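Undergrad: Provided herewith is a single structure, encoded as structure tokens, for subsequent inquiry.
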Amino acid sequence: MNFNQIIDQLKQKRPVFHSEDDLKLAMAWLIKELYPSYKIRLERPIAIGMKINSSDDLIARAPIDIVVIDNESRIIYPIEIKYKTTKVDLVVGDECYSLANHGANDVGRYSFRKDIYRIENVNLKLMGFEDYTKKGFVFILTNDRNYYLNDVSAKNSLDAHFSFHHGAVLSRDYIGWNVAKVSKDKYCFDTESTLDPNKKKHWTSGKEYVYQLGLKSDYLIQWSDYSTFSLDKRKGIDFKYCLIEIKGE
């Protein structure tokens, strides 16, 4: 399966999407058109081992956005999709689009790394595909320039270790949230022992954000053009994408 070909054709068919679900469906539909013998599964639940503070694996059961099954070549393609937008109203052809402002770039950066971790750790044997090969992908599409231009690693921000701006190298080594500048008088970060009742639990200590996301490889981040729109009395809106290919075990 040639994912770059899929993206090139998707650009022509759908230069913008209403939502992440809209993008997932359009991509899955196109894959089926290009590769009619493949089986497509959306939101396929998979159990993946996750770690919290280097403890034993916890089994987290969560869906993979798209799973493509090539029985002839015996290859499984697990795909995670992200669609992050800033607020904008567009008219494309005869269709109106009103995109939401997702914001929360720090969470978005963490989630992007978590998607890579999850695809790396998809266990085909547990899925019933013991003698298959895995070729995974993580795809993010955005009109939020903070993701592809903003090098937060140079700004000592909370998400400094998760920056995936153009040209960055996402290291396999996991450092975690950069909590050095967060007030220790107001917040607790300990996820193993009882939290101080006089302090507020920092949101990065919540269940979704405490996983140890050590990766199996380093990844060079490269952003590419997807689509551009001109708006009256405003600068153009650029959509860019980043595609990460994740090899099998």
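The values are calculated or read from the model by the stated rules, or taken from the named source; none is laboratory data. No experiment lies behind these values; they were computed from the predicted model shown. Please note: Cβ atoms are built from the backbone with ideal geometry, for glycine as well, and neighbour counts cover all protein chains shown. The area values use the complete protein model at the heavy-atom level, side chains included, leaving out ligands, DNA and RNA. Shrake-Rupley method; radii C 1.70, N 1.55, O 1.52, S 1.80 Å.
Undergrad: Could you list which residues have their amide H under 5 Å from that of residue 83, counting only those 5 or more apart in sequence or on another chain, with H placed in the peptide plane?
TA: 141
Undergrad: Taking 8 Å as the Cα distance limit and 6 or more residues as the minimum spacing, I'd like the relative contact order of region 55-188 as a percentage.
TA: Values: 170 pairs, mean separation 29.4, N = 134.
Reported relative contact order: 22 percent.
Undergrad: So, one more: With a probe of 1.4 Å, find how much accessible area the chain has per residue, and write the answer as a whole number in Å². Walk me through the numbers before you get to the answer.
TA: Values: 13160 Å² over 249 residues.
I get 53 Å² per residue for this part.
Undergrad: Considering only DSSP states other than H, G, I, E and B, which GluC sites (Glu not before Pro) in region 15-76 qualify as loop sites with at most 15 other Cβ atoms within 10 Å?
TA: Working: sites: 20, 33, 43, 72; in loops: 72.
Listed in order of number, the matching sites are 72.
Undergrad: Hey, what did the chain get for relative contact order, percent, Cα under 8 Å, at least 6 apart? Before the final figure, lay out the partial values.
TA: Numbers: 436 pairs, mean separation 45.1, N = 249.
It comes to 18 percent, rounded to a whole number.
Undergrad: Please report, in debye to the nearest 20, how large the charge dipole of the chain is about its Cα centre when each Lys and Arg carries +1 at its beta carbon and each Asp and Glu carries -1 there.
TA: 420
Undergrad: Here are some pairs, 114/240; 125/184; 181/207; which of them have Cα atoms lying more than 32 Å apart in this structure? The partial results should precede the final answer.
TA: On the way: 114/240 20 Å; 125/184 44 Å; 181/207 21 Å.
Going by Cα-Cα distance, 125/184 fall outside the 32 Å limit.
Undergrad: Give a residue-ordered list of calculated ³J(HN,Hα) values for region 37-45 (Karplus: 6.51 cos²θ - 1.76 cosθ + 1.60, θ = phi - 60°; whole Hz; x for Gly, Pro).
TA: 7, 6, 9, 10, 10, 9, 6, 6, x
Undergrad: I would also like to ask the following. Once a ≥ b ≥ c are taken as the square roots of the eigenvalues of the Cα gyration tensor of region 120-232, is the result rounded (a/c under 1.5), prolate (a/b larger than b/c) or oblate (a/b not larger than b/c)?
TA: Values: a/c = 2.26, a/b = 1.20, b/c = 1.88.
The shape class here is oblate.
Undergrad: For a label point 7 Å from the Cα of residue 232 along Cα→C-beta, name the residues of region 84-122 whose backbone N is under 15 Å from it.
TA: Label zone hits: 89-92.
Undergrad: Would you mind getting the Kirkwood hydrodynamic radius of region 30-147 from its Cα pairs, rounded to one decimal in Å?
TA: On the way: mean 1/r = 0.0610 Å⁻¹.
One over the average 1/r among Cα pairs gives 16.4 Å for region 30-147.
Undergrad: Quick one: which residues, 5 or more positions from residue 223 or on another chain, have an amide H under 5 Å from its amide H? H modelled 1.01 Å from N in the peptide plane, none for Pro or chain starts.
TA: Those qualifying (amide H under 5 Å, at least 5 residues apart or on another chain) are 167.
Undergrad: Whole-Hz Karplus ³J(HN,Hα) for region 82-94, in order, using 6.51 cos²θ - 1.76 cosθ + 1.60 and θ = phi - 60°, x for Gly and Pro?
TA: So the J values, rounded to whole Hz, are 10, 9, 10, 10, 9, 5, 6, 10, 9, 10, 10, x, 10.
Undergrad: Got a sec? Which residues in region 99-122 would a label at residue 39 touch, if it sits 7 Å along Cα→Cβ and we count backbone N under 20 Å?
TA: From region 99-122, the list is 122.
Undergrad: Considering only 78, 49, 127, whose Cα is most displaced toward the positive end of the charge dipole of the chain, charges sitting on Cβ of Lys, Arg (+1) and Asp, Glu (-1)?
TA: Of the listed residues, the answer is 49.
Undergrad: Using R₀ = 41 Å, calculate the FRET efficiency as 1/(1 + (r/R₀)^6) where r is the Cβ-Cβ separation of residue 222 and residue 198; round to 0.05.
TA: On the way: r = 46 Å, r/R0 = 1.13.
Computed FRET efficiency for residue 222 and residue 198: 0.30.
Undergrad: For every helix of n ≥ 4 consecutive DSSP H residues, a contribution of -39,500 (n - 2.57) applies; sum these over the chain, divide by its total residues, and give [θ] at 222 nm rounded to the nearest 500 deg cm²/dmol. Each step should come with its number before you reach the end.
TA: Numbers: 5 runs with 51 residues, N = 249.
It comes out at -6000 deg cm²/dmol, rounded to the nearest 500.
Undergrad: Could I ask something else about it? Just the ratio, please: alpha-carbon radius of gyration of the chain over 2.2 N^0.38 Å, N its number of residues.
TA: 1.08
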